[in-house]
1. At 1.4 Å probe size, with no ligands or nucleic acids counted, give the accessible surface of residue 48 in Å², nearest ten.
2. How high is the relative contact order of the chain, in percent, counting Cα pairs under 8 Å that sit 6 or more residues apart?
3. Tell me the accessible surface of residue 144 in square angstrom (1.4 angstrom probe, heavy atoms of protein chains only), to the nearest ten.
4. In cubic angstrom, how much convex hull volume per residue do the alpha carbon atoms of region 103-171 span?
5. Using a 1.4 Å probe and ignoring any ligands, DNA or RNA, find the accessible area of residue 104 and quote it in Å² to the nearest 10.
6. If I take all pairs of Cα atoms in region 41-143, what percentage of them are more than 21 Å from each other?
7. Of all alpha-carbon pairs in region 1-98, indicate the percentage at a distance above 22 angstrom.
8. Mind putting a number on the dipole of the chain about its Cα centre? Charges go on the C-beta only, +1 for Lys and Arg and -1 for Asp and Glu, and I need it in Debye to the nearest 20.
Amino acid sequence: MSNPPAIAPDLSIKQFGADEVRVAAKILNECADWLSQQGLAHWEGFYTEERITAYVEERSFYLLAYREKPIGTLCLTLKGETNIWPDDARSVYISALAVLPAFHRLGFASSLLSFAERSARSLDAMRIRLDAAKHHSELTGFYVRRGYSSIGEVGPPLRKFHYLLMERTLL
């Protein structure tokens with residue numbers, strides 16, 4: 001996937017490779033620790049360096065930097081998990097959207113989501129999809145405010161926790 005320009009001059013979003021896996025792992029694990037402290041353990045132990053390396057090989061993985069400091073991640077792919085999504089014709093899937101806790105509520109997650117949506121449009125996708133922890137009402141509310149709607153749910157035995165399957169039709 002190409003790199004559409006970032007939204008603000010102090011921001012950059014770039015695709016990264018295997019040499020930056022540790023940077024992404026640090027961001028994702030700090031976010032997982034923060035979530036756990038909030039009583040939300042759904043990312044605990046999930047984003048290992050091995051998993052991130054596999055994602056880099058099969059998906060488009062991006063780092064968000066603010067004033068050249070990496071503060072966020074985003075993963076995009078054209079293939080959804082076939083056992084949970086009804087189809088994946090002309091869809092782009094989001095995962096690993098994360099912003100370091102010190103940078104929460106400053107619009108950085110919105111910047112990443114806008115980047116993902118622009119990227120999907122540039123690929124002529126009809127919709128963009130993601131799953132969000134059902135018990136994380138602040139997160140699911142964020143996606144609803146951004147125009148995403150729930151089209152289903154997945155949980156055990158396919159997933160350890162319950163997730164809403166959410167999508168937004170792209171115009």
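The values are calculated or read from the model by the stated rules, or taken from the named source; none is laboratory data. What you are looking at is a predicted structure, and each value in this text was computed from that prediction instead of being measured. So basically every Cβ, Gly included, is an ideal-geometry build from the backbone, and we count neighbours across all protein chains shown. Quick note on the areas: whole protein, heavy atoms, side chains included, nothing else; ligands and nucleic acids left out. Shrake-Rupley method; radii C 1.70, N 1.55, O 1.52, S 1.80 Å.
1. 50 Å²
2. Numbers: 283 pairs, mean separation 32.4, N = 171.
Relative CO of the chain lands at 19 percent.
3. Accessible surface of residue 144 is approximately 90 Å².
4. Details: hull volume 6.7 nm³, N = 69.
Per residue, the Cα convex hull of region 103-171 comes to 97 Å³.
5. 70 Å²
6. Details: 1936 of 5253 pairs.
For region 41-143, the share of Cα pairs beyond 21 Å comes to 37 percent.
7. Roughly 34 percent, rounded to a whole number.
8. Using Cβ point charges on Lys, Arg, Asp and Glu, the chain gives about 460 debye.
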